[in-house]
Amino acid sequence: MTKKHLSLPLSIAALSLMGAVSCNSSNKAGNTTVSESFTVDSVRVADSIVIDSSKAACYFNVAYPSGHGALSDSVRCWIANQLAYIYASDKGAGAAVFSGLKGNVPAMVRLTVDSLLSASGREIEEGMVGFGGYEYNCSLLEEHSAPGYVTFGCTYYYYGGGAHGVSRYEPATFSVADGRRLTWDNTIGKDSRKAVLALIRQELFKPHDGYSLADDLLIDPDSLDLPAAPPAFVEGGLQVIYGQYEIAPYAAGMPGCILPVDSVLPLLTPEAKALLGRKQQ
């Protein structure tokens with residue numbers, strides 16, 4: 001287990017964790033600002049089962065806040081949602097199981113691993129296992145931080161036999177001030193969507209060695225929309241990433257780009273600019 005400390009300002013109004021996948025927040029004007037010690041621990045679990053020479057293996061590496069306050073509670077709630085999504089391929093079951101754990105991330109990770117191994121074992125016993133067995137790999141880590149925000153990312157890979165596995169990635173940027181998480185709705189104003197999509201097309205379809213992603217899409221390039229994954233502030237700017245098969249075939253992986261801060265800044269909402277320490281222009 002590792003620890004990382006980052007002192008960040010935080011509003012007294014805390015974002016309460018009402019179970020593993022339900023969060024409520026209160027952010028009233030005029031509250032006194034205090035300092036939360038944003039302490040990040042990590043838990044690693046590697047476990048496997050072997051039944052009739054077929055193997056199922058789980059590898060989880062999860063970083064999580066161990067402190068208290070709006071930011072820590074919001075991040076833990078998001079982590080719970082990510083693990084609930086993975087839990088035995090049944091988000092509803094994970095939500096129900098995690099609701100009584102009060103944000104205990106190590107316990108959530110252990111339960112998620114146990115559920116995956118148990119489900120895999122049943123499938124192996126029923127003869128449903130494909131060549132190569134099962135593998136579940138989850139890396140959920142803090143990826144970037146700045147005075148106004150913290151960004152985490154969840155990378156999940158699943159292989160259950162066949163030609164290849166399936167990968168999923170979801171980032172999350174949290175406001176230091178109140179724990180609020182970035183979404184496309186609170187990052188880009190509705191009147192700026194077309195301009196943002198033009199920037200995304202410009203960056204995403206840049207030719208490399210004579211090849212452009214625009215030549216190998218599953219959609220019409222002109223119909224490109226914002227991705228299902230939320231936006232995230234990372235080093236260099238605003239990260240945009242699409243899931244496997246969302247706009248391109250498997251060989252393209254998860255297409256993405258980073259919009260430089262200076263180019264996207266005029267299109268951000270006042271709320272998003274505040275995270276960057278920029279005033280409304």
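Which residues, counting only those in the range 195-222, are over 25 Å from the mean Cα position of the chain (by Cα) and open to solvent by 50 Å² or more (accessible area, probe 1.4 Å)? Passing the criteria: Lys206, Pro207, His208, Asp209, Gly210, Tyr211, Asp215, Asp216, Asp220, Asp222. I need the strands (runs of 3 or more DSSP E) fully contained in the range 130-190, keeping only those with at least 1 residues that are within 22 Å of Glu246 (Cβ to Cβ), in contact with a helix residue (DSSP H, G or I) (Cβ under 8 Å, 6 or more places away or on another chain) and of a type in the set (Asp, Glu). Those strands (runs of 3 or more DSSP E) span 166-175. Name every residue in the range 115-128 that is touching a residue at least 60 places away in the same chain (Cβ under 8 Å) and either within 16 Å of Gln82 (Cα to Cα) or open to solvent by 40 Å² or more (accessible area, probe 1.4 Å) (or both), in order of residue number. Once the filter is applied, which keeps residues that are touching a residue at least 60 places away in the same chain (Cβ under 8 Å) and either within 16 Å of Gln82 (Cα to Cα) or open to solvent by 40 Å² or more (accessible area, probe 1.4 Å) (or both), the range 115-128 yields Leu116, Glu125.
Can you pull out every residue in the range 252-277 that is assigned to a loop (DSSP other than H, G, I, E, B), open to solvent by 50 Å² or more (accessible area, probe 1.4 Å) and among the aliphatic types (A, V, I, L, M)? Across the range 252-277, the qualifying residue is only Met254.
Total residues in the range 90-106 satisfying the condition of being modelled with pLDDT of 85 or more and either in contact with a His (Cβ under 6 Å, 6 or more places away or on another chain) or closer than 20 Å to Gly69 by Cβ (or both): the figure is 5.
One residue is enough: does the range 227-240 have a residue meeting the conditions open to solvent by 30 Å² or more (accessible area, probe 1.4 Å), over 29 Å from Val75 (Cβ atoms) and in contact (Cβ under 8 Å) with a residue 24 or more places away in the chain? No: the range 227-240 contains no residue that is open to solvent by 30 Å² or more (accessible area, probe 1.4 Å), over 29 Å from Val75 (Cβ atoms) and in contact (Cβ under 8 Å) with a residue 24 or more places away in the chain.
Restricting to the range 49-92, what's the tally of residues that are open to solvent by 30 Å² or more (accessible area, probe 1.4 Å) and assigned to a helix (DSSP H, G or I)? The qualifying residues number 7.
The values are calculated or read from the model by the stated rules, or taken from the named source; none is laboratory data. Keep in mind that what you see is a predicted model, and the values were worked out from it rather than measured. Note: ideal-geometry Cβ built from the backbone for every residue, glycine included; neighbour counts use all protein chains shown. What goes into the accessible areas is simple: the full protein's heavy atoms, side chains included, and nothing from ligands, DNA or RNA. Shrake-Rupley method; radii C 1.70, N 1.55, O 1.52, S 1.80 Å.
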